[in-house]
1. In segment A:153-188, which residues are part of a loop (DSSP other than H, G, I, E, B) and more than 9 Å from chain B (Cβ to nearest Cβ)?
2. Of all residues in segment A:89-105, which are hydrophobic (A, V, I, L, M, F, W, C) and farther than 16 Å from residue A:8 by Cα?
3. Determine, yes or no, whether residue B:90 is out of contact with any Lys or Arg (no Cβ under 9 Å at 6 or more places or on another chain) and buried (at least 19 other Cβ atoms within 10 Å of the Cβ).
4. Of the residues A:82, A:115, A:91, which is acidic (Asp, Glu), over 30 Å from residue B:133 (Cα atoms) and more than 13 Å from every other protein chain (Cβ to nearest Cβ)?
5. Hey, can you tell me all the residues within segment A:29-47 that are buried (at least 23 other Cβ atoms within 10 Å of the Cβ), within 13 Å of residue A:4 (Cβ to Cβ) and in contact with a Phe, Trp or Tyr (Cβ under 6 Å, 6 or more places away or on another chain)?
6. Which of the numbered conditions does residue A:110 fail, given that it passes all the others? Conditions: (1) surrounded by fewer than 21 Cβ atoms within 10 Å (Cβ to Cβ); (2) under 16 Å from residue B:184 (Cβ atoms); (3) away from every other protein chain (no Cβ under 12 Å); (4) of a type outside the set (D, E, K, R).
7. Does segment B:138-152 hold any residues that are out of contact with any His (no Cβ under 7 Å at 6 or more places or on another chain), part of a loop (DSSP other than H, G, I, E, B) and more than 14 Å from chain A (Cβ to nearest Cβ), and which are they?
8. What are the residues in segment B:110-137 that are assigned to a helix (DSSP H, G or I) and either over 22 Å from residue B:175 (Cβ atoms) or of a type in the set (Ser, Thr, Tyr) (or both), if any?
There are 2 protein chains.
Amino acid sequence: MSAIDCALLHHPVRDRAGAVVTTSVTNLDVHDIARSARNYGLSRYYVVTPIEAQHTLVRRITEHWTHGAGRRRMPERHEALELCHPVESLELALADAAQRHGRRPLVIATAARSEGPKRLSFEAGRELAEAARAGTEPVLILFGTGHGLANIVLDSADHVLAPIPGQFGYNHLSVRAAAAIIFDRLLGAR
Amino acid sequence: MSAIDCALLHHPVRDRAGAVVTTSVTNLDVHDIARSARNYGLSRYYVVTPIEAQHTLVRRITEHWTHGAGRRRMPERHEALELCHPVESLELALADAAQRHGRRPLVIATAARSEGPKRLSFEAGRELAEAARAGTEPVLILFGTGHGLANIVLDSADHVLAPIPGQFGYNHLSVRAAAAIIFDRLLGAR
């Protein structure tokens with residue numbers, strides 16, 4: 001099993017004006033990122049939200065597809081959704097990953113903004129991801145909903161991945177698209 | 001303006017059993033693929049469905065964000081959604097692209113299945129995309145909803161792009177994730 005996990009944060013994230021907010025869980029974020037994570041061999045996908053009712057929602061989605069009628073109708077979906085675990089905070093995701101892998105993972109945050117310290121090139125990120133795939137040093141990749149991860153998360157991460165290059169100055173991919181592209185750049189066969 | 005367009009087909013596509021069906025338009029397919037297309041410099045995104053009521057739905061989504069309250073609240077979204085045009089068939093998308101670019105585009109179909117003729121490597125696809133970006137030879141990239149493009153579409157395409165490599169035998173990315181990865185592989189800055 002690879003020692004690469006990802007987490008989608010619904011808190012603390014930024015709103016349009018830069019204020020720190022909590023966003024709602026989106027059904028297709030659960031599905032799409034789980035399917036992308038499964039495709040690229042990640043071993044767990046943490047859905048991070050402090051709102052307990054949203055954990056119930058995430059569990060209802062995943063259980064439908066991992067145990068319920070969905071599994072009978074579309075058996076490959078459970079292989080993806082079984083990676084998905086709701087947790088209350090980034091700290092609890094880190095603690096769970098540390099317990100599973102035997103050591104605290106390196107944290108790679110992602111951001112669409114190009115400014116800021118600790119920037120990791122995709123090439124260097126690929127080396128870290130390959131080491132994590134081999135089980136040497138676990139890695140946790142963080143994605144933000146809303147308008148991106150709060151500064152406190154970027155500040156506490158070990159690395160902040162370089163932004164995905166946008167042509168013509170556009171820089172507003174969905175988090176579902178960004179996660180897919182980042183997994184492919186870090187882990188995809190070339 | 002680049003001579004690269006894409007089309008998302010809701011017909012003719014396959015269902016789970018391989019039968020040819022028409023799927024429904026999904027709101028997030030319109031948004032996510034428009035945003036990815038805009039990010040990678042495509043010039044038009046055809047949403048292909050023979051169902052007239054679905055054209056009304058697509059127009060209602062795009063007009064909300066290109067003219068309505070959405071444009072005031074989130075101005076960058078209109079830059080993406082203005083690329084989106086509903087059309088009744090692949091033939092009409094091709095005719096429109098031919099009219100806009102002055103010649104019929106090369107058609108590159110995409111498929112998760114690995115078997116089949118006319119397979120185009122990502123490296124060769126990148127050369128075609130670069131020529132289209134320079135305006136030399138227009139390209140139309142086709143994506144299928146449901147369980148993928150019908151054989152009649154793959155048979156009529158000039159090329160069928162190699163599948164995105166999945167690790168561990170999983171091969172069930174969402175079309176939103178697949179489109180993002182394919183744009184990045186064909187057009188992303190390296």
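The values are calculated or read from the model by the stated rules, or taken from the named source; none is laboratory data. From a predicted model like this one, the values you see are computed outputs, not experimental measurements. Note that each Cβ is placed from the backbone with ideal geometry, even for glycine, and that neighbours are counted across all protein chains shown.
1. Answer for segment A:153-188, where residues must be part of a loop (DSSP other than H, G, I, E, B) and more than 9 Å from chain B (Cβ to nearest Cβ): A:157, A:158, A:162, A:163.
2. A:98
3. It is true that residue B:90 is out of contact with any Lys or Arg (no Cβ under 9 Å at 6 or more places or on another chain) and buried (at least 19 other Cβ atoms within 10 Å of the Cβ).
4. Working: A:82 fails: more than 13 Å from every other protein chain (Cβ to nearest Cβ); A:115 fails: over 30 Å from residue B:133 (Cα atoms).
Step by step, each of A:82, A:115, A:91 is checked, and only A:91 is acidic (Asp, Glu), over 30 Å from residue B:133 (Cα atoms) and more than 13 Å from every other protein chain (Cβ to nearest Cβ).
5. The answer is A:36, A:37, A:38, A:39, A:40.
6. (1)
7. The answer is B:150, and nothing else.
8. B:123, B:124, B:127, B:130, B:131, B:133
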